[in-house]
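I have placed the structure first, in the form of structure tokens, so that the comments after it can refer back to it.
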Amino acid sequence: VAAFAVLVAVLFLPILRIYGKSMRGTLDRGDVVVSVKSSHFETGDIVAFYYNNNILVKRVIAEAGDWVDMKDDGTIYVNQTKLKEPYLKHKAYGQTNIKFPYQVPEDRIFVMGDNREVSIDSRNTSIGTVSDEQIVGKLVFKIWPLSEIGVIE
């Protein structure tokens, strides 16, 4: 039974600890979360993915084929529609070295951290867009700290 529980946790419900500050406000350093293996994501989902032997956590902004544009004040447009981002504390342009508008390549997603001033994400060619092969899972539930246990939005 214990071996089965470990197998399920590793293969289908990876448990992750948050490090860094790119998602500050939504997920903070030391938070522990449960992710679910998935290959279908929607704008607003929070995903974990592999990058250079690390696992990064960011929010899905756009999917394959979408056009992403970002104004100087940090406002995001996807397919010329302003993105509603109630999860942001404040907008920021951040560290960007791609040219906007930007079309998301096939079989990839465009991701950004919620703490846009410090997040290195799809706005920067060092990370770029994320492929299906890189995905660990979609974050769905916070289990630590106990005072904040619940569904991640």
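Structure remark: mean-square fluctuation, Gaussian network model of the chain, C-alpha springs under 10 Å; the largest value among Met70, Met23, Met112 belongs to Met70. Remark: spin-label model distance Ala64-Ile15 equals 3.4 nm, labels positioned 7 Å along the Cα→Cβ axis.
Computed with a 1.4 Å probe over protein heavy atoms only, the accessible surface of the chain comes to 57 Å² per residue. Taking the dipole about the Cα centre of region 6-150, with the C-beta of Lys and Arg at +1 and of Asp and Glu at -1, give me whichever of Val104, Gly137, Tyr19 is farthest to the positive side. Towards the positive end, the residue furthest out is Tyr19. Within the shell of other residues whose beta carbon sits under 13 angstrom from the beta carbon of Ile18, the net charge comes to +2, with Lys and Arg scored +1 and Asp and Glu -1. Please work out the Cα center distance from region 63-103 to region 112-153, rounded to the nearest Å. Distance between centres, Cα-based: 16 Å. Diffusion coefficient (Stokes-Einstein, Kirkwood radius over C-alpha pairs, 4 °C, 1.567 mPa s) for region 66-123: 111 µm²/s, rounded to a whole number.
Here Lys89 is the anchor, and the lysines within straight C-alpha reach of less than 26 Å, apart from those fewer than 8 places off in the same chain, are Lys21, Lys58, Lys71, Lys99, Lys138, Lys142. In plain terms, the bigger the Kirkwood radius, the slower the diffusion; for the chain, with that radius from Cα pairs, at 20 °C and 1.002 mPa s, Stokes-Einstein puts D at 135 µm²/s.
Subtracting the Cα-Cα distance of Asp73 and Ile149 from 0.36 nm times their residue separation leaves 24.1 nm of extension gain.
By the scheme Lys and Arg +1, Asp and Glu -1, what is the net charge of all other residues having a beta-carbon under 9 Å from that of Val32?
On the way: positive: Arg17, Lys142; negative: Asp31.
In short, +1.
Under 9 Å from the Cβ of Lys142, count the other residues' Cβ atoms, weight Lys and Arg +1, Asp and Glu -1, and hand me the total. Surrounding charge for Lys142 is -2. Protein heavy-atom surface of the chain, 1.4 angstrom probe: 54% of the accessible area is carbon and sulfur, with nucleic acids and ligands not counted.
The values are calculated or read from the model by the stated rules, or taken from the named source; none is laboratory data. Worth saying up front: this structure is predicted, and the values here are computed from it rather than measured. Glycine gets a Cβ as well: all are built from the backbone with ideal geometry, and neighbour counts include every protein chain shown. Note: accessible area is taken over every heavy atom of the protein model, side chains too, but ligands, DNA and RNA are not part of it. Shrake-Rupley method; radii C 1.70, N 1.55, O 1.52, S 1.80 Å.
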